[in-house]
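Student: What follows is a single structure, and I will ask about it in a moment.
The values are calculated or read from the model by the stated rules, or taken from the named source; none is laboratory data. Note that the structure is a prediction, hence the values are computed from the model and not measured. Here Cβ is always computed from backbone atoms with ideal geometry, including for glycine, and neighbour counts include all displayed protein chains. To get the accessible areas, we keep the full protein, side chains included, count just its heavy atoms, and leave off ligands, DNA and RNA. Shrake-Rupley method; radii C 1.70, N 1.55, O 1.52, S 1.80 Å.
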There are 2 protein chains.
Amino acid sequence: MEWLDSIKWDRDGLVPVIAQEASSGDVLMFAFMNREALARTAELGQAVYWSRSRQKLWHKGEESGHFQQVHEIRVDCDADVLLLKVTQLGHEPGIACHTGRHSCFFRKLDGTQWLTTDPVLEDPERIYRR
Amino acid sequence: MEWLDSIKWDRDGLVPVIAQEASSGDVLMFAFMNREALARTAELGQAVYWSRSRQKLWHKGEESGHFQQVHEIRVDCDADVLLLKVTQLGHEPGIACHTGRHSCFFRKLDGTQWLTTDPVLEDPERIYRR
């Protein structure tokens, strides 16, 4: 598969992936894929990442129900970063973060401290108990 | 500086950074910062990255004139990825990519090939000859 070969996989065989909400443009999360994860994402039309902590394929939403429908897969100029345009499923508004927030980027620098700007939309205890 | 200490720097002392255009939501580029780059970005209000290829601080725009004004610095749930909200200066529309394109993510997967979707806005030969 030439399109997979053209990716510059890092020393661990991974590529960083940015997931962006297609409708809002919000950057939701950042993760990694290996070759198999990318192939399965393209095949399935849902995001499949590589979990570095668990060292296995991670079909996003498999535990939370918060799947990501993938509309577009983009690659950068150096072919070493991917950008997914997604719809975050399973909750309205979408919950991409394991803390129960819309986006993982819920803290912004305010002077010299990180200020939490986004609310928890659903208690993670509930999300992962299903 | 506690806000810098709270970042989980990787084994190379770096953190990945996503630069997103504040006005459009477009993801422009992906780069890295070390501690000094992040401190200088916050101080200067312009993006300063760490160039892994040149192993030195890289004040984005220092050669091209395409500086990035930084409106917001965000950090993710795991404190190991940053998101900048920027205005891409020096050209209208903004050019973030060294290929002379608006965004580095100018190719999308179309079936089994990467299709270039975005035009070159200025010839890189001209950008870097200034």
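Student: What is the mean number of Cβ atoms from other protein chains located within 10 Å of the Cβ atom of each residue in peptide A:18-29, rounded to a whole number?
Tutor: Mean number of neighbouring Cβ atoms from other chains: 3.
Student: Just to verify a number: what accessible area does residue A:78 come out at with the full protein assembly present, 1.4 Å probe, Å² rounded to tens?
Tutor: Here the residue's solvent-accessible area equals roughly 70 Å².
Student: Nearest 20 debye, what's the magnitude of the dipole of the stretch B:2-127 about its Cα centre given +1 on Lys and Arg Cβ and -1 on Asp and Glu Cβ?
Tutor: Magnitude of the dipole: close to 240 debye.
Student: Please compute, for peptide B:75-85, the average count of beta-carbon atoms on other protein chains lying within 10 Å of each residue's beta-carbon.
Tutor: 6
Student: Starting from the coordinates of the alpha-carbon atoms of chain A, obtain the Kirkwood hydrodynamic radius over all distinct pairs and give the value in Å to one decimal.
Tutor: Across chain A, the inverse of the average 1/r is 15.4 Å.
Student: Let me ask you something else. Computed on protein heavy atoms with a 1.4 Å probe, what is the summed buried accessible area for the chain pair A and B, in Å² to the nearest 100?
Tutor: 3300
Student: If you roll a 1.4 Å probe over the protein assembly as shown with all protein chains in place, what percent of the accessible area is carbon or sulfur?
Tutor: Roughly 46 percent, rounded to a whole number.
Student: Given the rotation relating A and B, tell me which residue in A puts its Cβ closest to the axis and the distance in Å.
Tutor: Here the value is A:25, 1.
Student: Suppose you put the label 7 Å out from Cα in the Cβ direction; list, shortest first and in nm with one decimal, how far residue B:1 is from each other copy's label.
Tutor: 4.2
Student: Give the total of Lys-Lys pairs in the protein assembly as shown with Cα-Cα distances below 19 Å; include a pair only if its members are 8 or more places apart or on different chains.
Tutor: Number of lysine pairs found: 7.
Student: Please build a GNM for chain A, connecting alpha carbons under 10 Å apart, and tell me which residue among A:91, A:66, A:102 fluctuates the most.
Tutor: A:91
Student: Still on this model: Starting from a label point 7 Å past Cα on the Cβ side, list the distances from residue A:87 to the same position in the other copies, nm, shortest first.
Tutor: Computed spacing set for this position: 3.5 nm.
Student: Run the simple label-point estimate for residue B:54 and residue B:35 please: 7 Å along Cα→C-beta, distance reported in nm.
Tutor: With each label point 7 Å from Cα toward Cβ, the separation is 2.4 nm.
Student: Then there's this: Is the shape of the protein assembly as shown rounded, prolate or oblate, going by the alpha carbon gyration tensor and its root eigenvalues a ≥ b ≥ c, with a/c under 1.5 for rounded and a/b larger than b/c for prolate?
Tutor: Because a/c hits 1.5 or more and a/b fails to exceed b/c, the protein assembly as shown counts as oblate.
Student: Ok, one more. Under the convention of a label 7 Å out along Cα→Cβ, give the distances in nm from residue A:72 to the same position in every other copy, shortest first.
Tutor: 2.1
Student: Within 10 Å of each Cβ of A:100-109, how many other protein chain Cβ atoms are there on average?
Tutor: Shielding by partners across A:100-109 averages 5.
Student: So, for chain A, what is the accessible surface per residue at a probe of 1.4 Å, expressed in square angstrom?
Tutor: Heavy-atom accessible area per residue stands at 49 Å².
Student: What distance in nm lies between label points placed 7 Å from Cα along the C-beta direction at residue B:126 and residue A:69?
Tutor: Going from the residue B:126 label point to the residue A:69 one covers 4.2 nm.
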